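I have placed the structure first, in the form of structure tokens, so that the comments after it can refer back to it.
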Amino acid sequence: SELIKPYLGSKYKVTEVPKSLIFYMSKHSGPVNEIQWCPVREQSHMLLSASMDKTIKVWDAVDSGCCLKTYSCHSCAVRAAQWSSCGRRILSGGFDSTLHLTDVETGKQIFSSKTEFRISALKFHPTESNVFVCGGFSPEVKAWDIRTSKVLRVYKAAVQQTLDILFLPEGREFLTSTDAVSRDSADRTIVAWDFQSAAKISNQIFHERYTCPSLTLHPKESVFVAQTNGNYMALFSAQRPYRINKKKRYEGHKVEGFAVGCEFSPDGTLLVTGSSDGKVFFYNYHTSRIIRTLSAHKEACVSAIFHPVLPSLLATCDWAGEIKIWQ
């Protein structure tokens, strides 16, 4: 992409809040569950989207706003999808209980496997590119190795569903957020795990009675944020014992039963989130104040993500199947 080239060698500039719509992309016939920019800087014009319409699409979301490819390997809603670190493959999981690793160029499946549960969350290991963790409608979370197509480890918690998975830096530990747990269970809604031993490090991180549909890590500081169904985002330390910061709460947006995602800007100054009323909220990370809101969609906006290279370029998606690019 000619637009990205000038930025590749330079340091990331300060993030600015986008003001205007560049592309309106609408080829999905069902809600978009997930969007993700390609992690390879040179190929970061490509945006991946996973939808309830059973498809995954790849878009040129920087230069043209066109859909480049559509992959139809799932027979039910695609709930989670991730680029591989090399940008040549897409890992996906859905309500058909299958996992697929698809070659972006050919559309062929490099790896496919059936699980015993509907999949709702997937994450590649940050340093081991052939390993990923997946969870869903099950008390178990599993780590897989793509090379052997086998489960490496199983992590067991007293829950009904895994909503999101977040690896902490280096990947030695990861967090899972879960649905409301049974009353007699000691497990709270965020659980920390030791990746290698599968031991539970902590299940007493978040004590509110809210579920957390998404988790996100700060790019520079050792903290993470949890989106909560209490219509606020909570800030935690990313080091044991993962204490909550009671002085900072990011509130004003609405979550209300949607899996609304949240993310930090690449420079770490802004925290952005969708909202069930279709707006996008930009918070100052340090002061937790709302800087601006963007009336982005008519339906619930479930994801808003900053481009990894271009300052102020933002992708958003919604429950009506629309994807928009802002600058």
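The values are calculated or read from the model by the stated rules, or taken from the named source; none is laboratory data. Computed from a predicted model, the values in this text were never measured in an experiment. Here the Cβ positions follow ideal geometry from the backbone for every residue, glycine too, while neighbour counts run over all protein chains shown. SASA here: full protein model, heavy atoms, side chains in, ligands and nucleic acids out. Shrake-Rupley method; radii C 1.70, N 1.55, O 1.52, S 1.80 Å.
Report the residue count in segment 12-39 for those that are over 17 Å from residue 264 (Cα atoms) and surrounded by fewer than 22 Cβ atoms within 10 Å (Cβ to Cβ).
Total meeting the criteria: 11.
May I ask you to list the residues in segment 241-251 that are without any contact (Cβ under 8 Å) to a residue 40 or more places away in the chain and surrounded by fewer than 21 Cβ atoms within 10 Å (Cβ to Cβ)? Talk me through it step by step, then tell me what you get.
Filtering segment 241-251 down to residues without any contact (Cβ under 8 Å) to a residue 40 or more places away in the chain leaves 241, 243-247, 249-251.
The answer is 241, 243, 244, 245, 246, 247, 249, 251.
Six or more apart or on different chains, Cβ under 6 Å: which pairs go from a residue in segment 263-282 that's in contact (Cβ under 8 Å) with a residue 60 or more places away in the chain and surrounded by fewer than 23 Cβ atoms within 10 Å (Cβ to Cβ) to one that's aromatic (Phe, Trp, Tyr) and outside any strand (DSSP E or B)? Could you list them?
Pairs found: 266/12; 267/12; 269/285.
Please go through segment 208-249 and pick out each residue that is closer than 22 Å to residue 159 by Cα and either β-branched (Val, Ile, Thr) or in contact with a helix residue (DSSP H, G or I) (Cβ under 6 Å, 6 or more places away or on another chain) (or both).
Answer for segment 208-249, where residues must be closer than 22 Å to residue 159 by Cα and either β-branched (Val, Ile, Thr) or in contact with a helix residue (DSSP H, G or I) (Cβ under 6 Å, 6 or more places away or on another chain) (or both): 211, 216, 225, 228, 244.
Only one of these conditions is not met by residue 289: (1) farther than 23 Å from residue 191 by Cα; (2) of a type outside the set (Val, Ile, Thr); (3) surrounded by fewer than 20 Cβ atoms within 10 Å (Cβ to Cβ); (4) in contact (Cβ under 8 Å) with a residue 24 or more places away in the chain. Which number is it?
Residue 289 satisfies all of (1) farther than 23 Å from residue 191 by Cα; (2) of a type outside the set (Val, Ile, Thr); (3) surrounded by fewer than 20 Cβ atoms within 10 Å (Cβ to Cβ); (4) in contact (Cβ under 8 Å) with a residue 24 or more places away in the chain except (4).
Can you pull out the residues in segment 133-171 that are without any contact (Cβ under 8 Å) to a residue 40 or more places away in the chain, closer than 16 Å to residue 200 by Cα, open to solvent by less than 40 Å² (accessible area, probe 1.4 Å) and not basic (Lys, Arg)?
Passing the criteria: only 159.
Looking at segment 102-125, is at least one residue of a type in the set (S, T, N, Q), surrounded by fewer than 20 Cβ atoms within 10 Å (Cβ to Cβ) and within 23 Å of residue 47 (Cβ to Cβ)?
Within segment 102-125, one or more residues are of a type in the set (S, T, N, Q), surrounded by fewer than 20 Cβ atoms within 10 Å (Cβ to Cβ) and within 23 Å of residue 47 (Cβ to Cβ).
For segment 195-217, which residues satisfy the criterion of being open to solvent by less than 40 Å² (accessible area, probe 1.4 Å) and not small (Gly, Ala, Ser)? Reasoning before the result, please.
Kept after step one, since they are open to solvent by less than 40 Å² (accessible area, probe 1.4 Å), are these residues of segment 195-217: 195, 198, 202-203, 205-206, 211-216.
Scanning segment 195-217 gives 195, 203, 205, 206, 211, 212, 213, 215, 216.
Which condition breaks for residue 238 when tested against (1) open to solvent by 60 Å² or more (accessible area, probe 1.4 Å); (2) of a type in the set (Gly, Ala, Ser); (3) touching a Ser or Thr at 6+ places or on another chain (Cβ under 6 Å)?
(1)
Open to solvent by 50 Å² or more (accessible area, probe 1.4 Å) and either aromatic (Phe, Trp, Tyr) or under 23 Å from residue 259 (Cα atoms) (or both): which single residue out of 71, 7 fits that description? Don't jump to the end; show me each part of the working.
Details: 71 fails: open to solvent by 50 Å² or more (accessible area, probe 1.4 Å).
Selected residue: 7, the only one of 71, 7 that is open to solvent by 50 Å² or more (accessible area, probe 1.4 Å) and either aromatic (Phe, Trp, Tyr) or under 23 Å from residue 259 (Cα atoms) (or both).
From the set of residues in segment 40-66 that are touching a Gly at 6+ places or on another chain (Cβ under 9 Å) and surrounded by fewer than 16 Cβ atoms within 10 Å (Cβ to Cβ), which is farthest from residue 122 (Cα to Cα)?
42
Answer yes or no as to whether residue 241 is modelled with pLDDT under 95 and in contact with a strand residue (DSSP E or B) (Cβ under 8 Å, 6 or more places away or on another chain).
yes
Of all residues in segment 298-327, how many are among the hydroxyl-bearing types (Ser, Thr, Tyr) and surrounded by fewer than 23 Cβ atoms within 10 Å (Cβ to Cβ)? It would help to see each step written out before you state the result.
As a first pass, look at segment 298-327 and keep what is among the hydroxyl-bearing types (Ser, Thr, Tyr): 303, 312, 316.
Filter once more, keeping what is surrounded by fewer than 23 Cβ atoms within 10 Å (Cβ to Cβ): 312.
So the count comes out to 1.
Yes or no: segment 136-149 includes at least one residue that is over 29 Å from residue 225 (Cβ atoms), assigned to a strand (DSSP E or B), at pLDDT 95 or above and not aromatic (Phe, Trp, Tyr).
The answer is yes, given that some residue of segment 136-149 is over 29 Å from residue 225 (Cβ atoms), assigned to a strand (DSSP E or B), at pLDDT 95 or above and not aromatic (Phe, Trp, Tyr).
Looking at segment 106-129 only, could you name the residues that are at pLDDT 95 or above, of a type outside the set (Ser, Thr, Tyr) and assigned to a loop (DSSP other than H, G, I, E, B)?
107, 108, 117, 118, 125, 126, 128
Hand me the list of strands (runs of 3 or more DSSP E) wholly inside segment 1-81 holding 3 or more residues that are in contact with a Pro (Cβ under 9 Å, 6 or more places away or on another chain) and within 24 Å of residue 103 (Cα to Cα). Give the derivation first.
Numbers: elements: 21-25, 32-37, 46-51, 56-60, 66-71.
Here the list is empty.
Anything in segment 244-266 that is modelled with pLDDT of 95 or more and on the phi > 0 side of the Ramachandran plot? List them, or say none.
Correct list: 252 only.
Report every pair of residues separated by at least 6 positions or lying on different chains whose Cβ atoms are under 8 Å apart, first residue within segment 34-54 and within 19 Å of residue 259 (Cα to Cα), second of a type in the set (Lys, Arg).
These pairs meet every condition: 34/79; 48/57; 49/57; 50/79; 51/57.
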